[in-house]
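Quick notes on the structure that follows.
Please treat every number below as a calculation from the coordinates, not as lab data. On a predicted model such as this, the values are computed, not experimentally measured, just so you know. Reconstructed Cβ throughout: ideal geometry from the backbone, glycine too, with neighbour counts over all protein chains shown.
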Ligand SMILES: C[S@@+](CC[C@H](N)C(=O)[O-])C[C@H]1O[C@@H](n2cnc3c(N)ncnc32)[C@H](O)[C@@H]1O
């Protein structure tokens, strides 16, 4: 039996769904032991491959394994008693190294805010005692002094904690403290390169963050040989993440000539930068209005449509309510026409993972009222979480009344609501 923890991304609901769905697809049965907005703790029969899994997920910031679970009341004393015992050494200390550096991060693991803080305030003492104990048995030890509750992935990476030391993670649950060690961290440098380092960027038309693109791709749960379409490809972020995830059959289209050029430029850059052989991929990118997309793609040949469509005028920030309402009607027509075409090109078991815009005005949310229209076209909504594991009730997922998830960034007028549909 193994217990793993996942430090979650900014949108905890999407992170949890992403992690649980991917583990399910891999055939790894899990039980949820604890969950908060920061942490997900799961029990599995067989362990997980943390370093490859973190690259597959768009959501987890850190993945680690739990060493032991302690009762909250006497956590400090019990844990300190275990430090330098043989199993502690085997679990935490990298083979053979005599110079080690460690750090401690504290996360809420379902416990009360007050309890999390209480643990955090005592961490400096814990760090000193662990250092002294390890020095007594011949190690040269440094530890990272922090001001925040948790160490960032950047620090964990810079201090080489995963190879020349360890990061202890304390997950504070309702009655217990989970003590674990980080095994893998998100490749933040690569994400930043894929977002800001690309040659063609179009902030005006909008670009989906690469991590969100990956979450969306993962939501359809399709195998790597399936045909994936993005009919609003923009600068090609979703196609780019599909290539990196190992999808080989891709179609991208957009009504704008500039977007098609941007997508091609970015894909060329990606193949070169990531040293991938283009001959192993079948990628078609062309200009077409989504409302006529079935004229360019054979019927029932697409396995999944993953897309962030046009989310409305970039001027929506300054719109008054009347204009927002008009924009919503206009977008609704475009989306329904798009679903009409999706119906034709999708295989019978085809899936659509899509973003709908949600406008905010005067503290209220306004969304496209097109669900019935989509159902009438022959689609049904699919649950975002494909399978409910044991302990599901601990997840506390934040879903909208329509069963979607809102992805919101402070300062944005238009939020994104995420849905998955399948053919009826
Ligand atoms: C929000 S952007 C998509 C950005 C893309 N996800 C990315 O990360 O680069 C929306 C795209 O929809 C395209 N578009 C707008 N109306 C369209 C239509 N009727 N048919 C096809 N594409 C359209 C725009 O040219 C724009 O590139």
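Relative contact order, percent, of the chain when contacts are C-alpha pairs under 8 Å separated by at least 6 residues?
This gives 16 percent for the chain.
How high is the relative contact order of region 198-423, in percent, counting Cα pairs under 8 Å that sit 6 or more residues apart?
Relative contact order here is 19 percent.
Over the alpha carbons of region 122-175, what is the largest minus smallest coordinate on each principal axis, giving the biggest first in Å?
That gives 35, 28, 18 Å along the principal axes, largest extent first.
Which length gain, in nm to one decimal place, applies between residue 133 and residue 44 when the Cα-Cα distance is subtracted from 0.36 nm times their residue separation?
Separation in residues times 0.36 nm, less the Cα-Cα distance, equals 28.8 nm.
Given the C-alpha atoms of the chain, compute the convex hull and give its volume per residue in Å³.
Cα convex hull per residue, to the nearest whole number: 151 Å³.
Rounded, prolate or oblate: which fits region 198-423, taking a ≥ b ≥ c as square roots of the Cα gyration tensor eigenvalues, rounded meaning a/c under 1.5, else prolate when a/b beats b/c?
rounded
Please report the antiparallel percentage of the DSSP beta bridges confined to region 221-373, to the nearest 5.
20 percent
Got a sec? Which residues in region 272-295 would a label at residue 330 touch, if it sits 7 Å along Cα→Cβ and we count backbone N under 19 Å?
289-292
Specify, per residue and in Å³, the volume enclosed by the convex hull of the alpha carbon atoms belonging to region 312-424.
In region 312-424, the Cα convex hull volume per residue is 118 Å³.
Spin-label point model (7 Å from Cα, Cβ direction): what's the residue 261 to residue 163 distance in nm?
In this crude spin-label approximation the distance works out to 4.2 nm.
Working from the alpha-carbon coordinates of region 1-149, get Rg over Rh, Rh being the Kirkwood radius.
0.97
For the pair residue 248 and residue 82, what calculated FRET efficiency results from E = 1/(1 + (r/R0)^6), where r is the Cβ-Cβ distance and R0 = 45 Å, to the nearest 0.05?
Taking R0 as 45 Å, the efficiency between residue 82 and residue 248 is 0.40.
For labels at residue 2 and residue 280 in the simple 7 Å Cα→Cβ model, what's the distance in nm?
Here the modelled spin labels are 2.5 nm apart.
Rounded to whole Å and sorted largest first, list the principal axis extents of the Cα atoms in region 138-235.
Here the spans come out as 59, 33, 27 Å, largest first.
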